[in-house]
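The values are calculated or read from the model by the stated rules, or taken from the named source; none is laboratory data. What you see is a predicted model, and the numbers here were worked out from it, not measured in a lab. Quick reminder, even Gly has a Cβ in these numbers, built from the backbone with ideal geometry, and neighbours come from all protein chains shown. For the accessible areas, the whole protein counts, side chains as well, though only heavy atoms, and no ligand, DNA or RNA atoms are used. Shrake-Rupley method; radii C 1.70, N 1.55, O 1.52, S 1.80 Å.
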Amino acid sequence: MKDKPVIYWDTSAIISVLFKDAHSQEAWSCSRQEGIHLLSSLAIAETYAVINRIDRERILPEILINAALEAFEQGPWHSINMNPDNKQIKILGRKWPLRGADLWHLAMTCTLRESLPEIRILTFDQRLLIAARGEELHI
């Protein structure tokens, strides 16, 4: 896998692909890169929660919700069903002031780095971005 980039996507990056925001252009560019694009079960759950909240609150018309769901389900991502190492969570939790889900995403990326040293995380969350850079994981 050394010849292809391995990108772990957090929820903020996925949402930027699905809905236009300040980071959409960068997210779209990354989604088109050849490589391995990984989603955790947490990112999948968070993404569906965001889409369904937008739908419930009627923030966008149904046709755009359906388009977002289709884009999400047909995106370049491969889902992984594993958990971050508890030791990583403990160490990173002391080191970085992150919310729980963001700490989980960072620890998941660090855990995956043990077998995929080329892995990087794509995030637009500022606190997670700072921590990812500190761990030398940011794209």
Query raised in the report: Taking amide hydrogens as modeled 1.01 Å from N in the peptide plane, which residues meet the under 5 Å criterion relative to LEU122, leaving out close sequence neighbours?
Result: TYR8, TRP9, ASP10
Query - the chain - mean residue ellipticity at 222 nm from DSSP helices (-39,500 (n - 2.57) per run, n ≥ 4, rounded to 500) - result: -17000 deg cm²/dmol
Requested in this report: Might you tell me the accessible area per residue for the chain, computed with a 1.4 Å probe and given in Å²?
Outcome: 56 Å²
Query - Which label in (1) 105; (2) 126; (3) 145 gives the computed volume of the Cα convex hull per residue in Å³ - result: (1)
Query raised in the report: Going toward the positive end of the dipole of the chain, with +1 on Lys and Arg Cβ and -1 on Asp and Glu Cβ, which of SER40, PHE72, CYS30 do you reach last?
Result: SER40
Query - Cα centroid separation, the range 41-113 to the range 4-26 (Å) - result: 11 Å
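How many percent of the accessible area of the chain is carbon or sulfur, using a 1.4 Å probe?
Details: 4030 of 7830 Å².
It is 51 percent, rounded to a whole number.
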Query - Full-stretch length increase - ASP21, SER41 - with 0.36 nm per residue and alpha-carbon distance subtracted - result: 4.8 nm
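In debye to the nearest 20, how big a dipole does the range 1-91 give about its Cα centre with +1 on each Lys and Arg Cβ and -1 on each Asp and Glu Cβ?
240 debye
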**Report entry** Integer Hz, Karplus 6.51/-1.76/1.60 couplings in order for the range 73-81, x for Gly and Pro
**Finding:** 6, 10, x, x, 7, 10, 7, 10, 10
Query raised in the report: If you plug each phi of the range 13-22 into the Karplus form 6.51 cos²θ - 1.76 cosθ + 1.60 with θ = phi - 60°, what whole-Hz ³J(HN,Hα) values come out, in order, with x for Gly and Pro?
Result: 6, 4, 4, 5, 6, 7, 10, 5, 8, 5
Query raised in the report: So who's got an amide H within less than 5 Å of the one on ILE36, skipping anything under 5 residues away but keeping other chains? H placed 1.01 Å off N, in plane.
Result: VAL6, ILE7
